[in-house]
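J.: What follows is a structure written as structure tokens; I'll ask about it next.
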Amino acid sequence: MLTFLRKLNHFFAPQKLEIPAPPPVEELVSDEIFNHYSYIISSRIQYFNELSYELKQKFVNRVHQYITLKQFHYIGLEPKDEIPVLTAASAIQVTFGLKSYLMQHFKNIYILADAYRMDNDEELYIGHVAPEGIYLSWKHFLFGYSDNTDNINVAVHEMSHALLFNNYFAKYGVDKNFRANYERFSTTTGPILADVITKRQSYLRNYALTNIHEFWAVSVEAFFENPADLKINMPQLYDALCRVLNQDPNTTQKILKPEL
């Protein structure tokens, strides 16, 4: 794990060349695609079911865009229609309030059947983000969406890492609004993280104590899994996440400022 964390710290180091992402062109999908994707997403992701019909259309349009821009690689399992749809939906769930929502740096997504090892590390992983792509264990992906009360969702967790990677490591596709808000988020939540580390107890699961990157990803998991509880237990953190992601999952509208 230490090797992986060192890699993360390197990946998120600010880069000199930053090319802002052009605004994505949203095109309406056909009724057939909308109905097919909606059926798949609604069977697993409660967030989607809470959206209005108009927002569901917007969500599905973005899912379709995401899928068309990525190559999906299957390791230890056969391709299924639901895999790219649900994987893309988990990404759009995290980025739904953002101007740049496609994580354009990432062209490849690797779906593995179960937990796996990487490099010479003996530790088992259920997901990670690397320059060449996003890796997810499908078994644990489904587990994450099967229980909306445990604050554990590997898809949301890794897509949160990927969002940071895309804005702090990638040389194109940077969302300057997100970066500015994330930097304010880091300043705001620094004392919160310090307090959590000192007290060694928090509403968040213990993995949040690893470092600031894991604090971010674990916080986003709780933000989407149990927004009401997070708001009650850690209101400052909740408000900071609302600002940086431009979302409030406690509302059916979700997006706070549609113009961003």
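The values are calculated or read from the model by the stated rules, or taken from the named source; none is laboratory data. This structure is a prediction, so every number in the text was calculated from the model and none was measured. In this analysis, Cβ positions are derived from the backbone assuming ideal geometry, glycine residues included, and neighbour counts consider all displayed protein chains.
J.: Contact list please: Cβ distance under 7 Å, first residue in the range 19-36 and more than 18 Å from Leu55 (Cβ to Cβ), second residue charged (D, E, K, R) and modelled with pLDDT of 80 or more, pairs at least six apart or on different chains.
T.: Pairs that qualify, where the first residue is more than 18 Å from Leu55 (Cβ to Cβ) and the partner is charged (D, E, K, R) and modelled with pLDDT of 80 or more, are Pro20/Lys176; Ala21/Asp175; Pro23/Lys99.
J.: Next up: Of the residues that sit in the range 218-254 and are within 23 Å of Leu102 (Cα to Cα) and acidic (Asp, Glu), which one is surrounded by the fewest Cβ atoms within 10 Å (Cβ to Cβ)?
T.: Asp248
J.: Between Lys257, Lys199, which is loosely packed, with under 14 Cβ neighbours inside 10 Å, out of contact with any His (no Cβ under 6 Å at 6 or more places or on another chain), among the charged types (D, E, K, R) and in contact (Cβ under 8 Å) with a residue 60 or more places away in the chain?
T.: Lys257
J.: While we're looking at this one, here's another question. Determine, yes or no, whether Tyr101 is surrounded by fewer than 21 Cβ atoms within 10 Å (Cβ to Cβ) and of a type in the set (Phe, Trp, Tyr).
T.: Considered against the rule, which asks whether it is surrounded by fewer than 21 Cβ atoms within 10 Å (Cβ to Cβ) and of a type in the set (Phe, Trp, Tyr), Tyr101 comes out as no.
J.: With the requirement that a residue be surrounded by fewer than 20 Cβ atoms within 10 Å (Cβ to Cβ) and not in a loop (DSSP other than H, G, I, E, B), what does the range 104-124 give you?
T.: Answer for the range 104-124, where residues must be surrounded by fewer than 20 Cβ atoms within 10 Å (Cβ to Cβ) and not in a loop (DSSP other than H, G, I, E, B): Asn108, Tyr110, Tyr116.
J.: Would you check if there is a residue in the range 153-163 being modelled with pLDDT of 95 or more, surrounded by fewer than 17 Cβ atoms within 10 Å (Cβ to Cβ), within 28 Å of Ile75 (Cα to Cα) and of a type in the set (Gly, Ala, Ser)? Walk me through it before giving the result.
T.: Within the range 153-163, the first condition is being modelled with pLDDT of 95 or more, and the residues that meet it are 153-163.
Imposing the further condition that a residue be surrounded by fewer than 17 Cβ atoms within 10 Å (Cβ to Cβ) reduces the set to none.
Scanning the range 153-163 turns up no residue that is modelled with pLDDT of 95 or more, surrounded by fewer than 17 Cβ atoms within 10 Å (Cβ to Cβ), within 28 Å of Ile75 (Cα to Cα) and of a type in the set (Gly, Ala, Ser).
J.: Scanning the range 62-84 for residues that are of a type in the set (Val, Ile, Thr) and over 15 Å from Ile134 (Cα atoms), which turns out surrounded by the fewest Cβ atoms within 10 Å (Cβ to Cβ)?
T.: My answer is Thr68.
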